[in-house]
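Since the structure comes first, as structure tokens, the remarks are kept for the end.
The values are calculated or read from the model by the stated rules, or taken from the named source; none is laboratory data. From a predicted model like this one, the values you see are computed outputs, not experimental measurements. Ideal geometry is used to build each Cβ from the backbone, glycine not excepted, and the neighbour counts take in all protein chains shown. Ligands, DNA and RNA are stripped out before the accessible areas are found, and what is left, the full protein with its side chains, is counted by its heavy atoms. Shrake-Rupley method; radii C 1.70, N 1.55, O 1.52, S 1.80 Å.
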Amino acid sequence: MIEAEYQEQIDFVIARLKEEREKAHLSQIELSFAAGLSQNQVNCIETGRNIPNLYTIIRLCKALHIKPESLFAVQDEERKKAAQTIIELVKKYV
């Protein structure tokens with residue numbers, strides 16, 4: 001079971017991915033093709049049934065032409081540090 005504070009951040013990232021997909025006027029099928037994923041994977045991520053791993057987040061971001069750090073909310077100092085750590089990890093693999 002995921003702790004509430006982490007679930008909140010996960011939900012935010014998932015919502016941001018969907019928002020960016022819609023902003024790009026892409027269907028789930030189009031995004032899945034561009035990211036090399038199945039449409040079912042994209043649907044499961046957007047509906048919260050699956051939590052994307054770092055590799056999947058990077059693939060989706062590349063397909064959406066966005067920086068991974070744009071997916072993370074920074075609301076307080078602790079989250080800012082956590083987001084910065086994640087951003088540094090993501091940058092290593094982009």
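What is the number of the single condition among (1) under 13 Å from the mean Cα position of the chain (by Cα); (2) more than 18 Å from Gln7 (Cβ to Cβ) that Ile51 does not meet?
(2)
Can we say Ile2 is among the β-branched types (Val, Ile, Thr) and in a helix (DSSP H, G or I)?
no
With the condition being touching a Leu at 6+ places or on another chain (Cβ under 6 Å), open to solvent by 20 Å² or more (accessible area, probe 1.4 Å) and in contact (Cβ under 8 Å) with a residue 60 or more places away in the chain, I'd like the helices (runs of 4 or more DSSP H) fully within region 6-94 carrying at least 3 qualifying residues.
none
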